[in-house]
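Following: one structure in structure tokens, then a few remarks.
The values are calculated or read from the model by the stated rules, or taken from the named source; none is laboratory data. Here the structure is a predicted model, which is why all the values come from computation and not from measurement. Cβ atoms come from the backbone with ideal geometry, glycine included; neighbour counts cover every protein chain shown.
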Amino acid sequence: MYKAPRGTQDILPPEQSYWCFVSQKAQEICQLYGYKRIETPMFEEAGLFQRGIGEGTDIVEKEMYTFQDHGGDLMTLRPEGTASVCRAYIENGMSNLPQPVRLYYMADIFRYERPQAGRYRQHHQFGCEAIGDSDSALDVEIIELIWRFYASLGLENLTLQLNSIGCPICRPDYVRELSEYYSQFSNVLCPNCKTRLARNTLRLLDCKEESCRKIAHDAPKIAERLCSDCDTNFQQVKHFLGEIAIPFQINPFLVRGLDYYTRTVFEIIPQEEGAQTALGGGGRYDLLIEQLGGKPVPAIGFAAGMERIILNLNKQGIAVPLIPEPKVYVAHADEEGKAQAVKLIAALRQAGIGAMLATGSRSLKAQLKKANAIGATEAVILGGDELKRGTVVLRNMAEGKQEEIPLGEVAKRLQGYGVGYDRNNECGTL
Ligand code: HAM
């Protein structure tokens, strides 16, 4: 028996109402803020991600799905969306458009991680990138967008964590200081952190091992060592967030797992005990476009994990609208009835009425049982003497009442059964 690969999952019809709801809310908020959709390929040259995300990161070192194609080129299934969007910005000359260019995407993301609740090898991200401006008002716009997005889904008890990780002017001195601090503890660090000490010192700060967290607690804090431009940016971001009443917590240990960040970084985390899994995160990446071969163009963005959002919607018992299904079932009592049923149902659908046809040659009783099972509220029965009289039987499934009406009047009688997105429906359960 074949199985879905470890860390991947089928998204089955009962779950689709959640996916539909979350993507619709994402699109609505993007329209409100003026972000336009972009789609980039699911795979790119491996070098784009090595360069963009950074050689010393977990993603590049351990998690990329990289393969050689038949032409001998090294390709990688995208392990995140930002580098691809920046590549598209450069390649398509978007620096000639009015700046900042505001883009959003919904993308499958591939990372060879250890699967657990909320962590998959293929997941989906909704992300936004605002490229071409270093104004701290743009930092706040991006944070506001993601914050309001979660609110529009009805999610509660989320915490916005915020930090600034400086720039090439202030960060190198800080990293040296951090490295000196950590060197005193080099023999007690976890094996991962021992490697990080040499390769990716900042990441020492967000190690989840208890013993390393204790060490991080007294480590020098970057936000206290920012250069004056970075400090001004950070102060303004905090001030503007206060002005629009978005609550945040400064987290001096927040450094993010990708190397391209400068200045503002943030994550949104559920407050529940033990839930350390970010629902979304992002930050500024003012050097990335230049690093990828473009002009020096500052930018900021975020990505939110769709699977984690849906997990939290369920945890918080949030009802989402069901995707409407046809409520009319067309049954038949004999072969002539079936021939007429095929014609009738085609006409009903053309009139926008959602309807399903009984297939096969089961008894009428079995067909009506099926109509009940799929939740039809009306059944139309064709065949027998009625059809000879040019009529059909219309049966209300809930009440079991039925009446005989002319075949030509069925569409008119069922006009109310158009399939539309009904926001007042109750939630389906996963
Ligand atoms: P990231 O923090 O690596 O950032 O991923 C963004 C979000 O994707 C996470 O907060 C989480 O919700 C979700 N996520 C990440 N890995 C997994 C996984 N294995 N399984 C399920 N969900 C996951 C980025 O990818 C950056 N590109 C975000 C960004 C955009 N920064 C600037 N612009």
Close pairs from the stretch 151-172: first modelled with pLDDT of 95 or more, partner in a strand (DSSP E or B) and surrounded by fewer than 18 Cβ atoms within 10 Å (Cβ to Cβ), Cβ under 8 Å, at least 6 apart
Thr159/Gln249; Leu160/Gln249; Gln161/Gln249; Gln161/Ile250; Leu162/Gln249; Leu162/Ile250; Asn163/Ile250
Residue in the stretch 87-95 that is touching a strand residue (DSSP E or B) at 6+ places or on another chain (Cβ under 6 Å) and of a type outside the set (Ser, Thr, Tyr) present
yes
Leu258 passes all but one of the listed conditions (1) more than 17 Å from Ile143 (Cβ to Cβ); (2) more than 16 Å from the ligand (Cβ to nearest atom); (3) not β-branched (Val, Ile, Thr); the exception is number (2)
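Can you go through Arg148, Arg176, Arg213, Arg199 and tell me which one is of a type in the set (Lys, Arg) and either assigned by TED's automatic domain parsing to the domain that holds Ile90 or within 16 Å of the ligand (Cβ to nearest atom) (or both)? It would help to see each step written out before you state the result.
On the way: Arg176 fails: either assigned by TED's automatic domain parsing to the domain that holds Ile90 or within 16 Å of the ligand (Cβ to nearest atom) (or both); Arg213 fails: either assigned by TED's automatic domain parsing to the domain that holds Ile90 or within 16 Å of the ligand (Cβ to nearest atom) (or both); Arg199 fails: either assigned by TED's automatic domain parsing to the domain that holds Ile90 or within 16 Å of the ligand (Cβ to nearest atom) (or both).
Arg148 is the lone residue from the list that is of a type in the set (Lys, Arg) and either assigned by TED's automatic domain parsing to the domain that holds Ile90 or within 16 Å of the ligand (Cβ to nearest atom) (or both).
Confirm whether Asp58 is among the acidic types (Asp, Glu), in contact (Cβ under 8 Å) with a residue 12 or more places away in the chain and closer than 29 Å to Lys194 by Cα. Even if it seems obvious, please write down each step before you answer.
Values: among the acidic types (Asp, Glu): yes; in contact (Cβ under 8 Å) with a residue 12 or more places away in the chain: yes; closer than 29 Å to Lys194 by Cα: yes.
So Asp58 fits the description; yes.
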Options Asp135, Asp173, Asp139: the member that is crowded, with 17+ Cβ neighbours inside 10 Å and not hydrophobic (A, V, I, L, M, F, W, C)
Asp139
Based on this model, can you work out whether Glu80 counts as closer than 29 Å to Gly317 by Cβ, within 14 Å of the ligand (Cβ to nearest atom) and assigned to a loop (DSSP other than H, G, I, E, B)?
no
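Please indicate, with yes or no, whether at least one residue in the stretch 101-115 is small (Gly, Ala, Ser) and outside any strand (DSSP E or B).
Just the residues of the stretch 101-115 that are small (Gly, Ala, Ser), to begin with: 107.
Still in the running and outside any strand (DSSP E or B): none.
There is no residue in the stretch 101-115 that is small (Gly, Ala, Ser) and outside any strand (DSSP E or B).
When you go through Arg263, Arg284, Arg225 one by one, which is the residue that is farther than 25 Å from Gln99 by Cα, surrounded by 16 or more Cβ atoms within 10 Å (Cβ to Cβ) and at pLDDT 95 or above? Don't jump to the end; show me each part of the working.
Values: Arg263 fails: farther than 25 Å from Gln99 by Cα; Arg284 fails: farther than 25 Å from Gln99 by Cα.
From the options Arg263, Arg284, Arg225, the qualifying one is Arg225.
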If I go through the stretch 1-54 residue by residue, how many of them are part of a loop (DSSP other than H, G, I, E, B) and hydroxyl-bearing (Ser, Thr, Tyr)?
4
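If you go through the stretch 65-105 one residue at a time, how many are of a type outside the set (Ser, Thr, Tyr) and over 23 Å from Arg284 (Cα atoms)?
Qualifying residue count for the region: 10.
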Assess whether Phe248 counts as being touching a His at 6+ places or on another chain (Cβ under 9 Å) and more than 12 Å from the ligand (Cβ to nearest atom).
no
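Are any residues in the stretch 47-79 of a type in the set (Gly, Ala, Ser) and surrounded by fewer than 19 Cβ atoms within 10 Å (Cβ to Cβ), and if so, which ones?
Quick first cut of the stretch 47-79, residues of a type in the set (Gly, Ala, Ser) only: 47, 52, 54, 56, 71-72.
Hits for the stretch 47-79 are Gly47, Gly56, Gly71, Gly72.
Yes/no per residue for (1) in contact with a helix residue (DSSP H, G or I) (Cβ under 7 Å, 6 or more places away or on another chain); (2) more than 12 Å from the ligand (Cβ to nearest atom); (3) assigned by TED's automatic domain parsing to the domain that holds Trp19:
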residue: Gly281; (1), (2), (3): no, no, yes
residue: Arg284; (1), (2), (3): yes, no, yes
residue: Leu288; (1), (2), (3): yes, no, yes
residue: Phe302; (1), (2), (3): yes, no, yes
residue: Met306; (1), (2), (3): yes, no, yes
residue: Val320; (1), (2), (3): yes, yes, no
